[in-house]
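Readers should treat all values here as calculations from the given coordinates under stated rules, not as data from a laboratory. Treat the numbers as computed from the prediction; the structure is a model and nothing was measured. Cβ placement follows ideal geometry from the backbone for every residue including glycine, while neighbour counts extend to all protein chains displayed.
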């Protein structure tokens with residue numbers, strides 16, 4: 001299975017989150033899955049990809065020139081796909097994955113999550129999107145989504161929506177159902 005992971009590239013985050021990346025990456029490799037990610041260094045991106053690679057996963061990075069120019073290209077990819085920009089990066093990752101996993105992150109992670117959700121709603125893909133709500137990280141987002149549903153900005157019947165899970169074990173169970 002090809003598992004896309006969206007996550008933080010920031011190094012200065014709590015160690016517990018970095019260890020979360022280690023555990024997910026290790027599981028991806030141990031299960032014989034392929035990792036698709038942004039192909040850059042830093043934070044959870046490094047930890048997930050290094051752990052996946054060390055555990056035997058095939059690692060695919062998708063990277064635009066601006067990240068390469070910033071000296072942030074990862075050196076652990078079995079296949080590094082060069083793309084023109086961040087929009088193409090998201091499209092390539094999304095269209096080549098069987099499952100999307102969103103770990104804690106910042107603007108980029110939220111952008112990727114919402115892009116995958118909105119493109120799924122209009123029928124561009126049917127890839128399940130799992131959001132790891134580790135230690136309640138995404139509780140404010142869950143509340144915002146609920147408000148948008150209550151005010152009918154989001155239809156009750158959605159063809160694609162993020163599925164929130166609270167633990168890695170719950171995430172693994174959901175991925176194994178695919």
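Quick notes
- The chain, relative contact order [Cα under 8 Å, separation at least 6], %: 20
- Tensor-based shape of segment 112-178 (alpha-carbon gyration tensor, a/c under 1.5 rounded, otherwise prolate or oblate): oblate
- Among (i) 0.92; (ii) 0.95; (iii) 1.03, the entry that matches Rg/Rh (Cα atoms, Kirkwood Rh) as calculated here: (ii)
- Protection proxy ranking, peptides 52-65, 133-146, 32-45, average beta carbon neighbours within 10 Å, highest first: 32-45, 52-65, 133-146
- Sorted by Cβ neighbour density within 10 Å, fewest at the top, the residues 26, 94: 26, 94
- From least to most packed, judged by other beta carbons within 10 angstrom and beginning with the fewest, 110, 103 follow the order 110, 103.
- Cα-only Debye scattering, segment 53-104: base-10 log of I(q)/I(0) at q = 0.15, 0.30 Å⁻¹: -0.46, -1.23
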